[in-house]
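Just so you know, all these numbers are worked out from the coordinates, no wet-lab data involved. Quick caveat, the model's predicted, so the values are computed rather than measured. When we count neighbours, we look across all protein chains shown, and the Cβ atoms used for this are built from the backbone with ideal geometry, even at glycine.
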Amino acid sequence: MTSILFYGKISDRFGDTLDVNLPQNSLSVGELRNFLSANYQFNEILDLTVRVTKNDEFVLETEMLQSSDVVSFLSPFSGG
């Protein structure tokens, strides 16, 4: 099981954490976005302004994720 964390506005939809069983042992960030969109009817996750971290490091859409990784989705932030 993989724990996915959500920060910012995106957490309004999912809450702070979602535990999911991934469909395969590894998949890319892009594939995870598509999986979450298809299985949780959450198309906002497809917005590429929502950044992704793997084990506290920002990663690209092609980065491969394992079930043991800690994955976070972060909505765009603004400050003043």
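For the range 52-70, how many residues are part of a strand (DSSP E or B), of a type outside the set (A, V, I, L, M), surrounded by fewer than 16 Cβ atoms within 10 Å (Cβ to Cβ) and touching a strand residue (DSSP E or B) at 6+ places or on another chain (Cβ under 8 Å)?
2
Output the number of the condition that Ile10 fails; it satisfies all remaining conditions of (1) aliphatic (A, V, I, L, M); (2) surrounded by 11 or more Cβ atoms within 10 Å (Cβ to Cβ); (3) without any contact (Cβ under 8 Å) to a residue 60 or more places away in the chain.
(3)
Specify the residue that is nearest to the chain's Cα centre (by Cα); the eligible residues are those in the range 1-51 that are part of a loop (DSSP other than H, G, I, E, B) and among the hydrophobic types (A, V, I, L, M, F, W, C).
Going residue by residue through the range 1-51, those that are part of a loop (DSSP other than H, G, I, E, B) are 1, 15-16, 21-25, 41-42, 47-50.
Those left that are additionally among the hydrophobic types (A, V, I, L, M, F, W, C): 1, 22, 42, 48, 50.
On the way: Met1: 14, Leu22: 12, Phe42: 11, Leu48: 11, Val50: 8 Å.
That would be Val50.
Sort out which residues of the range 14-29 are touching a helix residue (DSSP H, G or I) at 6+ places or on another chain (Cβ under 9 Å) and surrounded by 13 or more Cβ atoms within 10 Å (Cβ to Cβ), and write them in order of number.
Phe14, Leu18, Val20, Leu22, Leu27
Would you call Ser37 surrounded by fewer than 18 Cβ atoms within 10 Å (Cβ to Cβ) and in contact with a helix residue (DSSP H, G or I) (Cβ under 8 Å, 6 or more places away or on another chain)?
Numbers: surrounded by fewer than 18 Cβ atoms within 10 Å (Cβ to Cβ): yes; in contact with a helix residue (DSSP H, G or I) (Cβ under 8 Å, 6 or more places away or on another chain): yes.
So Ser37 passes the test.
Which residues, counting only those in the range 45-62, are closer than 16 Å to Leu5 by Cβ, free of Cβ contacts under 8 Å to residues at least 40 places away in the same chain and in contact with a helix residue (DSSP H, G or I) (Cβ under 8 Å, 6 or more places away or on another chain)?
Passing the criteria: Ile45, Val52, Lys54, Val59.
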